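Peer 1: Take a look at the following structure, please.
The values are calculated or read from the model by the stated rules, or taken from the named source; none is laboratory data. Note that the structure is predicted; figures quoted are calculated from it, not measured. Because the Cβ atoms are built from the backbone with ideal geometry, glycine has one as well, and the counts that use them run over all protein chains shown.
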Amino acid sequence: MSINSTSTINLKNRATLIKGLIIIITALIAAYILNDIINGVELRKIAKLKLIKIKSKIEEEIPQKMGNEGKGEDKRIENKDEDKIEVKNEVRNEESSEKIKIENKQDKTESTTITTPKNIILNQLIKTKNNNDDTQLIQIAQLWRVKPDNLTLCPEIPPNLKGKIDVDMRSLKLEEIEEEYKDLWPGGHWRPKECKSRQKVAIVVPYRNREPHLRTFLHNIHRFLQKQQLDYAIFIVEQIGDFAFNKGRLTNIGVLEAIRVYPFDCIVFNDVDTYPENDNLLYRCSTDPKVARHLSVYLERGGYKELYADFVGGVLALTVEQLRKINGYSNDFWGWGGEDDDLNTRVKIANMSFERNKTEISRFKTFKHGTDHGNDPHPCRFKLIGLTKQKYLTDGFSNLNYRVESINYGKLYTHIKADVFEEEYNKWKKYIKTIGC
């Protein structure tokens, strides 16, 4: 073999070797890149799974009930600065999200799921324009939360009830009523000293231009509630302005402002002209989450007869959680009537029902009076009641618009003056034309 032939073979072998090395290097690079891609995908998957787990954990820890902190023991105030921070954080509830499922009776195989801010009620507090700073509210919240000495739970049935009571229909001066109840805390708050109440109850009263009725109510109701050993406070929510009255909006405002200051777990709505005649009728919420309570079954002005099967007007009791599920009262009933029937429909949609004690303990005295200025019955109320199922998720706490003009924590009650905006009323008048009213 010649030298030239040997050189040619060596060159070919070298070229083949180089090609082989190139192929190997290319394969290694490709493998590295592919491995990086695969690892990147896996990392993203792992990160996503971790985020899902974290989110799930957070959602599990979100309290399903407003004022959930009320379940634990109130802490004794030891450090005022720390307590101010703690209470301020409680009353300025941060936004978060949770899913609320509301069963629809029309289709038992499905449930409507809506995503709302954490606790649809409390979120509205963030949006509320309030002329008052938080200083007074924080002071009241601190005072009301002072832990009493170690107490046992109050008995299921309070021991000093006597049954039928005589309602004093006089309208005494506020100063005279204050002399009767010297042990009330500012804002009309009271709780028993001998035991720990079974429920924290906010009494919410929508109000305008009924001062004689209000004085009669305050004169009678405090004694009634104290005999029942309740941890309670009274909130009078007054609508300012002389346009149409809106009971639903005022009751919603009452709930929001009540839970801003104290972890109430039960709300009793009480018309200002309606007074219980029997102290065996407990102003409490049902312990069954599917049961709301209608207390004023038999009214004096109705001849002490059941007005109609689904009547829930006058006085009723719902837990804060129940109110959250039904989105509170409708905001769309301006003038007299309709909002209570709408509420009854909401309760049914949420697979709950009203309990009525159809005995003599459910009798209530009432003032007889004509129609108030700005509170005439509106003929569109029947049309609106027919739309409850369509719009209850978007009409209530979720779209409530109001401004607190002032809050006065008086001796006998917390007085909230609220503006529900005449512009809202004018918008509503345009809206009802679109639905044929």
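Peer 1: Can you tell me which residue among Glu175, Glu238, Glu194, Glu156 is in a helix (DSSP H, G or I), over 18 Å from Glu277 (Cβ atoms) and either of a type in the set (D, E, K, R) or modelled with pLDDT under 95 (or both)?
Peer 2: Every option except Glu175 fails the conditions.
Peer 1: Of all residues in the stretch 270-325, which are over 19 Å from Lys365 (Cα atoms) and acidic (Asp, Glu)?
Peer 2: Listed by number, the residues that qualify are Asp288, Asp310, Glu321.
Peer 1: Among residues belonging to the stretch 136-149 that are modelled with pLDDT under 90 and out of contact with any strand residue (DSSP E or B) (no Cβ under 9 Å at 6 or more places or on another chain), point out the one that is farthest from His189 (Cα to Cα).
Peer 2: The qualifying residue farthest from His189 (Cα to Cα) is Asp149.
Peer 1: Next question. So, Val347, is that one in contact (Cβ under 8 Å) with a residue 40 or more places away in the chain, assigned to a helix (DSSP H, G or I) and in contact with a Ser or Thr (Cβ under 7 Å, 6 or more places away or on another chain) or not?
Peer 2: yes
Peer 1: Which one of the conditions (1) in a helix (DSSP H, G or I); (2) aromatic (Phe, Trp, Tyr); (3) touching a Ser or Thr at 6+ places or on another chain (Cβ under 6 Å) does Phe217 fail to meet, given that it meets all the rest?
Peer 2: (3)
Peer 1: Another one. As an exercise: evaluate Phe364 against (1) at pLDDT below 95; (2) part of a strand (DSSP E or B) and give the number of the one condition it does not meet.
Peer 2: For Phe364, the failing item is (1).
Peer 1: Given the structure, is Lys383 touching a Gly at 6+ places or on another chain (Cβ under 9 Å), closer than 17 Å to Gly248 by Cβ and basic (Lys, Arg)?
Peer 2: Yes; evaluated as a whole, the condition is true for this residue.
Peer 1: Just one of the numbered conditions (1) modelled with pLDDT of 90 or more; (2) among the polar types (S, T, N, Q); (3) part of a helix (DSSP H, G or I) is not true of Gln390; which one?
Peer 2: (1)
Peer 1: Please go through (1) assigned to a loop (DSSP other than H, G, I, E, B); (2) of a type outside the set (Gly, Ala, Ser); (3) over 15 Å from Thr414 (Cβ atoms); (4) modelled with pLDDT of 95 or more for Arg223 and return the number of the only condition it doesn't satisfy.
Peer 2: (1)
Peer 1: Scan the stretch 196-208 and report the pairs whose first residue is farther than 21 Å from Val146 by Cβ and whose second residue is of a type in the set (Lys, Arg) and buried (at least 24 other Cβ atoms within 10 Å of the Cβ), with Cβ atoms within less than 7 Å and a gap of 6+ or a chain change.
Peer 2: Going by the 7 Å Cβ cut-off, the qualifying pairs are Pro206/Lys247.
Peer 1: Please tell me if Leu387 is touching a residue at least 40 places away in the same chain (Cβ under 8 Å), within 28 Å of Pro212 (Cα to Cα) and surrounded by 14 or more Cβ atoms within 10 Å (Cβ to Cβ).
Peer 2: No; evaluated as a whole, the condition is false for this residue.
Peer 1: Taking the options Asp166, Asp183, name whichever one is part of a loop (DSSP other than H, G, I, E, B) and either under 32 Å from the mean Cα position of the chain (by Cα) or in contact (Cβ under 8 Å) with a residue 40 or more places away in the chain (or both).
Peer 2: Asp183
Peer 1: For the condition at pLDDT 95 or above, surrounded by 21 or more Cβ atoms within 10 Å (Cβ to Cβ), assigned to a helix (DSSP H, G or I) and among the basic types (Lys, Arg), what is the one hit in Arg293, Arg249?
Peer 2: Arg249
Peer 1: Could you tell me which of the residues Phe269, Phe264 is farther than 22 Å from Gln139 by Cβ, in contact (Cβ under 8 Å) with a residue 60 or more places away in the chain, within 20 Å of the chain's Cα centre (by Cα) and crowded, with 21+ Cβ neighbours inside 10 Å?
Peer 2: The match here is Phe269.
Peer 1: Looking at the stretch 201-218, which of the residues that are surrounded by fewer than 23 Cβ atoms within 10 Å (Cβ to Cβ) and not aliphatic (A, V, I, L, M) is nearest to Ile253 (Cα to Cα)?
Peer 2: Among them, the one singled out is Arg208.
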